[in-house]
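*Asks:* What follows is a single structure, and I will ask about it in a moment.
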Amino acid sequence: MASETLTTISPITGKPVVTRAGVTQDELAALPKTAQEAFRAFSKSTTLAQRQEIVARALDLMAKKKDVLAREVTEQMGRPIAYTGVEITTAIKRGEYLNRVAGEALGEPVPGDAEPGFKRYLKKEPLGVVLIIFAWNYPYLILVNSLIPAILAGNAVILKPSPQTPTVVEQVSSIFLEAGLPRNVLQYFHCGSLVNLEAIIRSPLINHICFTGSVAGGLAVQKAAADRIVNVGLELGGNDAAYVRQDVDLAWAAEEIVDGAIFNSGQSCCSIERVYVHEKIHDAFIQEIKKVLANYRVGDPFDEKTQIGPVISQKARENILSHIEDAIMGGARDETPANTTFDNLPPVGNFVKPTLLTGVTHSMRVMAEETFGPVIPVMKVKDDSEAIRWMNDSDLGLTASVWTKDVATGEKLIQDIEAGTVFINRADYPSPDLAWTGWKNSGRGVTLSRFGFDQFIKLKSFHLKDYPK
């Protein structure tokens, strides 16, 4: 069967920037077979130390190509060039951390209890072939989370990128090959066909699946894999809440909240989607938010001064605008300040002005759903208890944050927040030494930290008894 043609449309210009041939059914069927052969050789012929050397060389090569990689990301998904290089640098640092702790996470056999005449221990074995399906919004960061530990554990990997950022897998595959990874240990394919994607998910030669994307996408992957016994790791959406207590420095908190909400045009699974502000400071805090927004710059992502670029597609733009319209129809107020760049958006591209909404309620889509755009909805609360109650009023639970001078009280409050990561005075920052995991519908499984290696191994118990004399 002839392959499909996949075209990446620039969110900046609305014009095609990359075209790739999608995988054929025959090519797709061959990928897991080739990967299994590569896995058997790779897992037995390399030590963890050797795999760590390969990863270290790959990360060094990635650093040397940073400017090229960053420019491709900006062109394909629209993030301002001032920040795409930071993604590459952060991905490298994250990979270096994972490489450094691999010995502790994957190392020596774990001994059982001592008993005369017996020897018992546990070993950590690689799974086999890992399929990684990942999103476009932070393609290098998302990929590193799964790819590095999968390879370090001794698995073979097949990558399926978003059609929006297709060159990521090509660059990464080339880099690892140059770094000394044996051929076919890392493969990739381009695909827009759900039929083809479901086919490889169902392949009995795929031993683990990692998916990063929407809740709907995660459910579809889970459903496709449901006919067999295979683990599926899901990193899905968020509707992340921030609570600003009455004791904060307003100007500082406003800067942080705005950055956490609209960086990357709000297109982050852990961006601040809902803001709750104590009633005693609400009005003053809104004024500080306005001051911050008045100085933001929306525009051409290839201009180093630009802070906010377009959103990924016209469909995404329409969804964001519908959330804003729904809120205003329900009684919310658009309090976005005057800003020349907001009022004169580029005539082409998927641009949305950063929008400040007040008077929002949980009956509005902007609070009930993930908006995934540069919108800051602010809701007034009377005290800590009300704030926590509203923060937990969501079927998603990726991250949440509390902003306060009283860190001790803040730490008590976040004990009751239903989210995989809880912050005090910070947001939108997956730290590599902590487990990245979603609660509720935000996902299943763990990446990052020492625990992030566990999904890429299986345990084998050895129970030896001396031969009776």
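Laboratory data are not the source of any read-out in this text; all were calculated from the coordinates shown. Remember, it's a predicted structure, so these values are computed and weren't measured experimentally. Note that we place each Cβ from the backbone using ideal geometry, even for glycine, and neighbour counts take in every protein chain shown.
*Asks:* With the radius of gyration and the Kirkwood radius both derived from the Cα set of the stretch 99-189, what is their ratio Rg to Rh?
*Replies:* On the way: Rg = 17.0 Å, Rh = 15.0 Å.
Rg divided by Rh gives 1.13.
*Asks:* Here is a further query. For Asn344, put the label point 7 Å out on the Cα→Cβ axis and report which residues of the stretch 287-318 keep their amide N under 13 Å from it.
*Replies:* Only 298-300 fall inside the zone, counting backbone N under 13 Å.
*Asks:* Something else about it: Picking from Pro16, Phe39, Met77, whose Cα lies most toward the positive end of the charge dipole for the stretch 1-77 (charges on Cβ: Lys, Arg +1; Asp, Glu -1)?
*Replies:* Towards the positive end, the residue furthest out is Phe39.
*Asks:* Grab the eigenvalues of the alpha-carbon gyration tensor for the stretch 334-383, scale each by 5, take roots, and send me the semi-axes largest first in whole angstrom. It would help to have the intermediate numbers written out before the result.
*Replies:* Working: eigenvalues 124, 39, 8 Å².
Its equivalent ellipsoid spans semi-axes of 25, 14, 6 Å.
*Asks:* List the aspartates and glutamates whose alpha-carbon lies under 16 Å from that of Lys223, not counting same-chain residues fewer than 8 positions away?
*Replies:* Glu198, Glu235
*Asks:* Dipole magnitude of the chain about its Cα centre, charges +1 at Lys/Arg Cβ and -1 at Asp/Glu Cβ only, in debye to the nearest 20?
*Replies:* Working: 49 positive and 55 negative charges, 337 e Å.
It comes to approximately 1620 debye.
*Asks:* Hey, any idea what the orientation-averaged projected area of the convex hull of the stretch 1-90's Cα atoms comes to, in nm²? Please report the intermediate quantities before stating the final value.
*Replies:* Details: hull surface 32.5 nm².
It is 8.1 nm².
*Asks:* Right, another one. With the convex hull built on the Cα atoms of the chain, state its orientation-averaged projected area in nm².
*Replies:* Working: hull surface 100.2 nm².
Spelled out: convex hull of the Cα atoms, projected over all directions, averaged, 25.1 nm².
*Asks:* Also: Can you give me the P(r) profile for the stretch 27-151? Cα pairs, bins 5 angstrom wide beginning at 0, each as a whole percent.
*Replies:* 2, 9, 15, 16, 16, 14, 11, 7, 3, 2, 1, 1, 1, 0
*Asks:* Hey, how many Å between the Cα centroid of the stretch 345-388 and the Cα centroid of the stretch 1-40?
*Replies:* 36 Å
*Asks:* Quick one, what does Rg over Rh come out to for the stretch 290-352 if you take C-alpha atoms and the Kirkwood Rh? Before the final figure, lay out each step's value.
*Replies:* On the way: Rg = 12.7 Å, Rh = 12.8 Å.
Ratio value, two decimals: 0.99.
*Asks:* Over all alpha-carbon pairs of the stretch 204-267, lay out the pair-distance distribution in 10 Å bins, whole %, shortest bin first.
*Replies:* Pair shares across the bins are 17, 31, 20, 18, 11, 3.
*Asks:* Starting from the Kirkwood radius over alpha-carbon pairs of the stretch 169-217, derive D by Stokes-Einstein at 4 °C in a medium of 1.567 mPa s and give it in µm² s⁻¹. Don't skip to the end; give the middle numbers.
*Replies:* Values: Rh = 12.9 Å.
In µm²/s, the coefficient is 100.
*Asks:* Could you order peptides 349-359, 178-188, 110-120 by the average number of other Cβ atoms within 10 Å of their residues, highest first? All intermediate terms of the calculation are to be shown ahead of the outcome.
*Replies:* Numbers: 349-359: 22.0, 178-188: 17.8, 110-120: 10.3.
In descending order of packing, they fall as 349-359, 178-188, 110-120.
*Asks:* Now, a different point. Restricted to Cα positions, what overall size does the stretch 321-469 have along the principal axes? Three whole-Å values, descending.
*Replies:* 89, 43, 28
*Asks:* Also, quick follow-up: How would you order 76-86, 91-101 from highest to lowest mean count of nearby Cβ atoms within 10 Å? List each step's numbers first, then the result.
*Replies:* Numbers: 76-86: 22.0, 91-101: 19.8.
Packing proxy ranking, top to bottom: 76-86, 91-101.
*Asks:* Holding the Cα-Cα limit at 21 Å, pick out from Lys119/Lys469; Lys15/Lys65; Lys65/Lys93; Lys315/Lys440 the pairs that are longer than that.
*Replies:* Details: Lys119/Lys469 17 Å; Lys15/Lys65 25 Å; Lys65/Lys93 15 Å; Lys315/Lys440 26 Å.
Too far apart for the 21 Å limit: Lys15/Lys65; Lys315/Lys440.
*Asks:* Starting from 0 in steps of 10 Å, tell me what percent of the Cα-Cα pairs of the stretch 134-287 lands in each bin.
*Replies:* Per 10 Å bin, starting at zero, the Cα-Cα P(r) for the stretch 134-287 comes out as 9, 31, 26, 17, 12, 5, 0 percent.
*Asks:* What fraction, in whole percent, of alpha-carbon pairs in the stretch 99-149 exceed 15 Å separation?
*Replies:* Details: 824 of 1275 pairs.
For the stretch 99-149, the fraction of Cα-Cα distances above 15 Å is 65 percent.
*Asks:* What order do you get for 124-132, 263-271 when each peptide is scored by the mean count of other beta carbon atoms within 10 Å, highest first? Don't jump to the answer; show the numbers that get you there.
*Replies:* Working: 124-132: 22.8, 263-271: 25.6.
In decreasing order of mean packing, 124-132, 263-271 become 263-271, 124-132.
*Asks:* Using only the alpha carbons of the stretch 240-424, determine the length spanned along each of the three principal axes and report them from longest to shortest in whole angstroms.
*Replies:* Per principal axis, max minus min of the Cα coordinates gives 48, 31, 30 Å.
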